Amino acid sequence: MQKAQPNNNSAATRENLYVLSLIRGVALLGQILALIFFTWLQPIGLPVAEIAFVLSVYASLTAAVWLRSRRPVPIGNTEFFIHLLADIAFFSILLFFSGGASNPFVSYMLIPISIAAITLTRPYSIALAAAALLCYSLLLKYYVAISAIAPGHHQVADNSLHILGMWANFAISAAIIIYFISRMATTLKQQEQEIAMRRDAQLRDEQLLAVGTLAAGTAHELGTPLNTMKLIVDEMLLDTDNQADVVLLNQQIEQCKTTLKQLLTTAEESQSNQLEAQSVRLYLDNILARWQLLRPLLKTRIEFTDCPDISAIFHPTIAQSILNLLNNAADASEQVDINISWNTDTATINIRDFGAGLDAEKAGTLGQPFVTHKAGGLGLGLFLSQATLTRFGGSVILQNAAEGGTLTQISLLLLIAAEAS
């Protein structure tokens, strides 16, 4: 089942922004100490007022970003990119007042590039690297000369090989970081997602095993009361009063006994891999006929569209999953519209009820085991349907219909007989 999920990416970006504010704090402290040292202890002619002003603005930004990272407001990748871009801009201004590209700390601009390569997508990383390289190139020509930092044989204006070599080294380092580090970061993120998916699948399988064990015990216990009710109903059939109601009750008991027998049959079929191909149309017709027998008073409208004549192999548990979702719709309203279509790859079943629709506040708990939003529910139907269809390459999407009610869309991956053989 697919539904709205919490924005985990925003939470990760917020944490990245918090770490960035800490890095800024460390860098800011180092720059302030350097300014104090080269102004009072060993003066080298720095423009103190200008640098102090830039550092004060940078300190204010750092404090604001730290507070921003602690607030529960969504933070996107674009905002994080702008913060890194601001770091490049502020540091370039500091370098402008302290010797330009000849300043040995110019390589610090590789740090925002590295952060972008690890945390952002490649287009953002390339854009940030390009901005840093542009600033570095401008600093080759535009700067406040500090003789203690750039002695005569290293003057930027002379385009010395040393300065140009530093620029080339920066460009190559940035390219290597963007290409290799970003690829490594992407690979790690994919591996983490796969591990998380496997962990969720394992947890779901454990829950299914627990539910299956419970179902087997419950099915065994239900046999005795059903047989007792069947005997009583058979006697009631001899009475002419309320004959139609008793016949209907008898049919429902027979259906319950059939369902229990099918539970054992399904378990046996699931153990073997010898599943036979069935006509898709006949398979779905049988499911709908069985469902309508369970819901004789329900108003239904069933429509088949774009349905080629093909056969496919269906796991025995798929039918029960579809029935669970059909029953959920029937519990919500007295009328249910069904549209079915398929091609050679996928079957799509759209189930539209006319009930109250989905509650936005409770949508986050949909599909969790033993959680139900309807009176008398067990909280297993949607969970089992989701787990089963996902296991076999399908999906379930629940959303509010435009004119009211709920639209349930089942996507079922078809295993064609020719492909299976």
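Summary table below
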read-out: Segment 38-124 shape via C-alpha gyration tensor axes, a/c threshold 1.5; value: oblate
read-out: Förster-model FRET efficiency, 25 Å R0, Val19 and Met197, C-beta, rounded to 0.05; value: 0.45
read-out: Gain on full stretching of the segment that runs from Ser137 to Ile32 - 0.36 nm per residue minus C-alpha separation; value: 35.3 nm
read-out: Long-range HN-HN contacts of Ile302 with modeled amide H, under 5 Å; value: Ile338
read-out: Nitroxide proxy distance, nm - points 7 Å out along Cα→Cβ at Ala12 and Leu226; value: 4.8 nm
read-out: Anisotropy class of segment 8-199 from Cα gyration tensor, a/c 1.5 cut; value: oblate
read-out: Mean Cβ neighbour count within 10 Å, used as a protection proxy, ranking 319-327, 29-37, 105-113 highest first; value: 319-327, 105-113, 29-37
read-out: Protection-proxy order for peptides 132-140, 55-63, each taking the mean of Cβ atoms within 10 Å per residue, highest first; value: 132-140, 55-63
read-out: Net lengthening on full extension, Ser411/Arg183 (0.36 nm per residue, minus Cα-Cα); value: 78.8 nm
read-out: Distant-in-sequence amide H partners of Gly394 (H built 1.01 Å from N, under 5 Å); value: Leu413
read-out: Stretch gain in nm, segment Leu238-Phe392, where the contour uses 0.36 nm per residue and the Cα spacing is subtracted; value: 50.7 nm
read-out: Projected label distance in nm at Glu276 and Thr344, using a 7 Å step from Cα toward the beta-carbon; value: 2.5 nm
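Each value in this text was obtained by applying a stated rule to the coordinates, not by laboratory testing. Since we're looking at a predicted model, the values are computed, not measured. Because the Cβ atoms are built from the backbone with ideal geometry, glycine has one as well, and the counts that use them run over all protein chains shown.
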